[in-house]
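The values are calculated or read from the model by the stated rules, or taken from the named source; none is laboratory data. Values in this document were obtained by computation on a predicted structure and should not be read as measured data. Here the Cβ is made from the backbone with ideal geometry for all residues, glycine too, and neighbour counts use every protein chain on show. The area values use the complete protein model at the heavy-atom level, side chains included, leaving out ligands, DNA and RNA. Shrake-Rupley method; radii C 1.70, N 1.55, O 1.52, S 1.80 Å.
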Amino acid sequence: MPITKGYSSRLSPILDDIAAHFGTPFHIYDETGIRETGQALIDAFEKVNNFKEYFAVKALPNPGILKIMKNIGFGFDCSSIPELLLSRQAGGIGDDIIFTSNNTTDIEFREAAANGGCILNLDDISLISKVPEMPELVCFRYNPGSRRTGNSIIGNPVEAKYGITHDQLVDAYRSAIQRGAKFFGLHAMLASNELNYEYMIETTRMLMETIKEISNELGIRFEFINIGGGLGIPYKPEDEPLDIKAMAKKITELFNSFEQENGYAPKFFIESGRYITGPHGVLVTTAINQKNIYRKYIGVDACMSSLMRPGIYGAYHNITVHGKDPDKNNTPVDVVGSLCENNDKFAIQRPLPEIDDGDLLIIHDTGAHGHAMGFNYNGRLRPKELLLRTDGSVELIRREETIEDHFATLNFKKDILTLNASV
Ligand SMILES: *Cc1c(COP(=O)(O)O)cnc(C)c1O
């Protein structure tokens with residue numbers, strides 16, 4: 001059974017010391033692994049002129065990580081004001097940031113335009129008149145409708161709330177031009193956690209065909225196309241990893257033909273989150289209880305406040321028991337947290353080695369959409385985050401939540417609206 005590389009080679013030998021010093025539960029991220037994956041992505045696309053990855057901040061919105069992204073040469077994809085602020089704090093400015101919101105508010109538009117601005121990716125045609133000031137460079141998010149490239153998490157694009165339809169495209173760019181836009185991009189995101197790279201090729205091809213149509217209609221050129229995120233990672237031991245080199249090779253060919261045909265090529269952007277950091281994080285939690293009823297349950301000191309994916313998507317995360325032979329998996333157990341919610345389970349009927357109270361369980365591949373998605377239901381607090389740095393030291397990059405944090409929104413000035421004025 002393959003185990004996350006960074007865990008077995010770098011983390012495993014020092015994990016007991018880390019747990020003893022910081023206490024469990026915690027997510028820990030492997031800087032070396034993140035940098036290797038980032039560099040591999042850049043290398044794969046070296047023959048595409050102007051390739052740029054915009055790290056999807058929502059996957060792992062921690063300044064300790066975003067600094068690494070900036071240092072690798074990545075930009076940031078955001079969709080909220082806090083994500084914009086984090087991106088700017090990490091050194092992102094102007095074209096380093098794409099703002100891909102949907103159902104956008106006026107305040108969000110203003111923040112997107114402030115402090116050096118960013119690339120605005122508009123989600124709807126109705127927003128053209130609502131942008132307080134149309135930027136010179138504007139992008140639209142395209143929803144191609146019934147084209148069958150959506151996979152299960154994103155679903156059928158017809159039912160997805162994102163983007164503008166094919167029929168709206170030309171009008172959208174024309175209206176943007178009337179409001180002062182001069183440079184253009186086109187975006188689509190049609191997959192999530194997809195291991196079959198053909199989806200990305202198809203999206204690239206579709207965007208190229210679409211910009212040709214719009215260009216013919218309006219006589220404009222496109223600065224970039226952006227295929228969004230959605231590159232998958234192998235969560236299950238038997239999953240084959242996405243073949244990034246093969247994917248990049250085919251996309252490079254598409255760009256070469258586009259350039260030959262059209263005399264120019266747009267820049268190529270992707271907004272991957274999961275692919276970059278997902279495999280390079282683990283949630284470390286201590287077994288604290290076990291019970292034998294109709295099934296055997298292993299109770300751990302983490303719960304859905306640390307990781308929601310199994311609970312909300314039924315997502316699979318590999319689990320190993322630190323220091324125990326994974327080949328001695330014999331007893332099927334449910335690994336559970338402490339919420340009064342029966343879906344608070346990290347694994348269901350998973351064969352694991354014999355577990356004793358005090359054992360450390362490693363829940364793998366929590367480096368994206370892990371901590372960030374954790375919630376406070378039932379008064380459960382989010383855990384700390386650690387970074388295993390390239391020099392082997394371990395840094396606390398977010399402390400655990402406290403009861404004071406949890407109650408902070410209950411401290412406010414008394415405010416009562418009395419509606420019955422006749423009294
Ligand atoms: C969530 C999201 C991403 C990143 O998705 P991954 O699955 O982490 O690659 C990229 N772009 C947009 C617009 C998103 O909403």
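Tabulated values for the structure
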quantity	calculated
Candidates Gly263, Gly281, filtered to the one that is within 16 Å of the ligand (Cβ to nearest atom), farther than 20 Å from Leu190 by Cα and modelled with pLDDT of 95 or more	Gly281
Residues of segment 312-328 satisfying the condition of being open to solvent by less than 50 Å² (accessible area, probe 1.4 Å) and modelled with pLDDT under 95	Pro326
Any pair with Cβ under 6 angstrom, 6 or more apart, that starts in segment 6-22 at a residue that is more than 17 Å from Lys324 (Cβ to Cβ) and ends at one that is crowded, with 16+ Cβ neighbours inside 10 Å and modelled with pLDDT of 95 or more	Gly6/Asp30; Gly6/Gly33; Gly6/His280; Ile18/Val394
Which listed residue, of Asp301, Asp365, Asp359, is farther than 23 Å from Pro241 by Cα, in contact with a Ser or Thr (Cβ under 9 Å, 6 or more places away or on another chain), surrounded by 19 or more Cβ atoms within 10 Å (Cβ to Cβ) and of a type outside the set (A, V, I, L, M)	Asp359
Segment 26-40 residues that are more than 19 Å from Asp301 (Cβ to Cβ), paired with ones that are of a type in the set (Gly, Ala, Ser) (beta carbon under 6 Å, 6 or more apart)	Tyr29/Gly281; Tyr29/Gly367; Asp30/Gly6; Gly33/Gly6
Residue ID - farthest from the ligand (Cβ to nearest atom), chosen from residues in segment 62-86 that are buried (at least 16 other Cβ atoms within 10 Å of the Cβ) and farther than 15 Å from Ile98 by Cα	Gly64
Criterion violated by Ile288 - all others in (1) open to solvent by 10 Å² or more (accessible area, probe 1.4 Å); (2) in contact (Cβ under 8 Å) with a residue 24 or more places away in the chain; (3) part of a helix (DSSP H, G or I) satisfied	(3)
Meets criteria (assigned to a strand (DSSP E or B), touching a Phe, Trp or Tyr at 6+ places or on another chain (Cβ under 6 Å), in the same structural domain as Thr204 (by TED's automatic domain parsing) and within 15 Å of Gly185 (Cα to Cα)) for Ile98	yes
Condition met for Lys47 (in a helix (DSSP H, G or I), open to solvent by 20 Å² or more (accessible area, probe 1.4 Å) and not aliphatic (A, V, I, L, M))	no
Residue within segment 290-312 that is closer than 22 Å to Pro234 by Cα and out of contact with any helix residue (DSSP H, G or I) (no Cβ under 9 Å at 6 or more places or on another chain) present	yes
Unmet criterion (only one of (1) open to solvent by 80 Å² or more (accessible area, probe 1.4 Å); (2) more than 28 Å from Pro237 (Cβ to Cβ)) for Gly379	(1)
Hey, Gly230 in contact with a strand residue (DSSP E or B) (Cβ under 7 Å, 6 or more places away or on another chain) and not hydrophobic (A, V, I, L, M, F, W, C) or not	yes
Condition met for Pro351 (open to solvent by 50 Å² or more (accessible area, probe 1.4 Å) and without any contact (Cβ under 8 Å) to a residue 24 or more places away in the chain)	yes
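Residue-by-condition table, conditions (1) away from the ligand (no atom under 14 Å from the Cβ); (2) at positive phi:
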| position | (1), (2) |
| --- | --- |
| Thr204 | yes, no |
| Ile211 | yes, no |
| Ile214 | yes, no |
| Gly219 | yes, yes |
| Phe222 | yes, no |
| Ile244 | no, no |
